[in-house]
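Asker: One structure coming up, written as structure tokens, with questions to follow.
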Amino acid sequence: MSVPQGVKYAIIGAGVHGLSTAFHLAQKLKAAGRGSGADILVVDKTGVGAGASGIACGVVRNNYFQPAMRELMAHSVEVWESDPKAYSYHPVGYMQISPESMHADVASIYEQQKAIGYESTFVEGADDSMRYMRGLFDDWQAQGITSVLHEKRGGYANNQASMRGLAAKAQEEGVRILSGVEVKSFEFGSNSGAVTALNTNQGRIACDTVVVGVGPWVNKIWNLLELPKKITVKSNGKVRDDVPMWKFWCLEEGTLGVDPHMHRTNDGRFPPVLHVDTDAPLYSDRDRKLITDKIWGIYYKPDFNFGGVQGGASPYKVEQDPDQVAVDPYGPESPEFVVGEDFIEMWCSALAHCQKRFEGQMPLYKRDENSGGLGCFTPDNFPVFDRFRENVYVIADSNHGYKMIGVGKLVAQELVGETSMLLEPFRFARFAKGELHPTSHSPFPWS
Ligand SMILES: Cc1cc2nc3c(=O)[nH]c(=O)nc-3n(C[C@H](O)[C@H](O)[C@H](O)COP(=O)(O)OP(=O)(O)OC[C@H]3O[C@@H](n4cnc5c(N)ncnc54)[C@H](O)[C@@H]3O)c2cc1C
């Protein structure tokens with residue numbers, strides 16, 4: 001394989017962010033008469049969709065406690081809706097079903113969704129919540145629920161198909177995508193700190209601008225860029241020094257091997273993606289033993305792509321030094337970061353807690369397919385979209401990002417010199433300035 005000796009824009013990573021940036025940048029350059037897709041090269045050490053984007057559950061939602069995240073998601077949902085076929089997008093909607101400890105947070109999400117014109121219904125109170133849920137599913141039985149937020153937009157998309165759709169769009173604009181090209185190091189200018197070339201396993205590529213969209217490999221590329229491993233974080237008036245820039249969490253997801261048609265609404269439609277958090281005790285659907293009496297959460301949807309009812313539960317924190325975490329082999333190939341029996345029992349029991357149709361179905365869980373995978377998170381668990389070393393744009397989504405297909409469009413805008421107000425709250429300087437995003441009462445680090 002031959003790599004070009006030089007390109008204007010080198011994008012590292014053919015996941016959702018690298019591909020979306022490539023496609024939208026090509027369009028921007030053409031529209032402005034400043035170039036075309038031929039100026040853009042995407043390199044991936046494996047290939048299109050080889051990272052988190054290719055294994056993601058694919059949920060697309062707006063439900064975020066943080067106003068800046070919500071506005072960004074509303075923008076991304078518009079991009080999903082712009083071409084549902086190419087992006088393999090299913091606009092079935094999304095529901096956040098919550099206990100009292102999350103009531104006020106979700107109420108404020110609803111108010112702000114109204115303010116930005118994002119259509120949703122909010123139901124409050126235990127009885128009304130049960131009535132609303134039984135109106136959709138007559139076997140609904142989840143306990144401890146006192147509010148339901150029903151987002152009418154959003155839904156889910158099929159991971160690999162959407163990445164192929166995005167890659168095809170970029171290629172139609174003239175973008176080159178090279179698989180099997182791994183960036184091993186960077187060359188920096190002698191006077192400025194800017195990157196002048198990528199050194200890859202297939203040769204050197206000189207470049208004017210670099211975009212980094214490497215998902216869970218961001219810690220590695222960050223180190224190669226010689227960016228700080230530890231940073232200062234100001235929050236609630238306190239200053240903490242030497243906070244590790246990156247940490248890993250392992251996402252736990254899996255599939256119940258039932259006919260996806262079994263999970264429909266009372267009127268026979270495919271349901272919204274359901275996300276249920278509750279503090280009701282969770283008992284095993286196998287032997288009734290107590291699994292937890294602390295707040296827990298799950299999400300699920302019928303999905304023909306996964307061949308069943310697919311979803312997940314809260315991730316767990318990987319306590320190792322980030323430099324020691326084995327990101328490769330990634331996802332289902334990993335011997336270490338895939339789900340085990342604890343997840344299977346918890347998630348299947350939680351499904352049965354929510355809906356009677358899932359009682360006794362645990363034996364149908366797809367044990368023969370590995371699932372789950374690593375995500376790399378920032379100190380406040382929210383994304384960093386920013387420029388480093390003058391000409392390197394890092395898209396580090398802190399594992400929020402399959403749904404964020406629109407971020408590449410905004411990054412493309414910034415690459416041609418137009419600042420995006422939607423991306424402003426995600427600059428690296430927020431850690432030192434203490435301008436962190438508010439945290440919610442959700443059991444998930446990404447809500
Ligand atoms: C199990 C799981 C489920 C998830 N579910 C959802 C969900 O339902 N909804 C949601 O919004 N988000 C979800 N996420 C998060 C989401 O998948 C990620 O945030 C997002 O896909 C990251 O996209 P990316 O483009 O940054 O990186 P990736 O998709 O990981 O792509 C990075 C690419 O970079 C390449 N690469 C890495 N290093 C190099 C190098 N040195 N040289 C060349 N190429 C390199 C890799 O091969 C890879 O293809 C999930 C994540 C996981 C792990």
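Asker: Which value in deg cm²/dmol, rounded to the nearest 500, describes the helix-derived mean residue ellipticity at 222 nm for the chain, given -39,500 (n - 2.57) per DSSP H run of n ≥ 4 and division by the residue count?
Answerer: The helix-only estimate for the chain comes to -7000 deg cm²/dmol at 222 nm.
Asker: Place the peptides 364-370, 247-253 in order of packing, highest mean first, counting for every residue the other Cβ atoms within 10 Å and averaging per peptide.
Answerer: Peptide ranking by packing, descending: 247-253, 364-370.
Asker: Here's a follow-up. If we restrict to alpha carbons, what Rg and Dmax does the chain come to, in Å?
Answerer: Just the Cα atoms of the chain yield Rg and Dmax of 21.8, 68 Å.
Asker: Pick out which of MET421, MET346, MET69 has the largest mean-square fluctuation in a Gaussian network model of the chain, springs linking Cα atoms closer than 10 Å.
Answerer: Most flexible of the set in this elastic network: MET421.
Asker: Using every Cα-Cα pair within the stretch 313-372, state what percent have a distance larger than 16 Å. Working shown, then result.
Answerer: On the way: 950 of 1770 pairs.
In whole percent, the long-distance tail amounts to 54.
Asker: Restricting attention to the stretch 256-289, which trypsin sites (Lys or Arg not before Pro) occupy a DSSP loop and are surrounded by at most 13 other Cβ atoms within 10 Å?
Answerer: Numbers: sites: ARG264, ARG269, ARG286, ARG288, LYS289; in loops: ARG264, ARG269, ARG286, ARG288, LYS289.
Hits after loop and neighbour filter: ARG269, ARG288, LYS289.
Asker: Ok, one more. May I ask you to give the solvent-accessible area per residue for the chain, in square angstrom, as obtained with a 1.4 angstrom probe?
Answerer: About 39 Å² of surface per residue is accessible.
Asker: What is the gain in length, in nm to one decimal, between PHE188 and SER108 on full extension, counting 0.36 nm per residue of separation less the C-alpha to C-alpha distance?
Answerer: Value of the extension gain: 24.2 nm.
Asker: I'd like the carbon and sulfur percentage of the solvent accessible area for the chain, probe radius 1.4 Å, heavy atoms only, ligands and nucleic acids excluded.
Answerer: Its accessible area is 49 percent carbon and sulfur atoms.
Asker: Starting from the Cα of GLU435, step 7 Å along the direction of its Cβ; do the same at PHE304; then give the gap between the two resulting points in nm.
Answerer: Result: 4.6 nm between the two label points.
Asker: Would you mind putting 427-433, 52-58, 70-76, 411-417 in packing order, based on average other-beta-carbon counts within 10 Å, highest first?
Answerer: Working: 427-433: 15.1, 52-58: 24.6, 70-76: 22.0, 411-417: 17.7.
Highest to lowest by the protection proxy: 52-58, 70-76, 411-417, 427-433.
Asker: Here's another thing I want to ask about it. Report the paramagnetic label zone for ASP128: residues of the stretch 56-71 whose backbone N is under 19 Å from a point 7 Å from Cα along the Cα-to-Cβ axis.
Answerer: What the label zone holds, given the 19 Å backbone N cut-off, is no residue at all.
Asker: Greater than 24 Å separation of Cα atoms is the criterion. Which listed pairs, LYS85/LYS409; LYS45/LYS234; LYS8/LYS229; LYS8/LYS433; LYS152/LYS247, meet it?
Answerer: LYS45/LYS234; LYS8/LYS229; LYS8/LYS433; LYS152/LYS247
Asker: Work out the FRET efficiency for GLU78 and SER2 from their Cβ-Cβ distance, taking R0 = 30 Å, and round it to the nearest 0.05.
Answerer: 0.20
The values are calculated or read from the model by the stated rules, or taken from the named source; none is laboratory data. Fair warning: this is a prediction, and the values are worked out from it, not measured in the lab. As a convention, Cβ positions derive from the backbone with ideal geometry for all residues, glycine included, and neighbour counts pool all protein chains shown. Heads up: the accessible areas ignore ligands, DNA and RNA and are worked out on the full protein's heavy atoms, side chains in. Shrake-Rupley method; radii C 1.70, N 1.55, O 1.52, S 1.80 Å.
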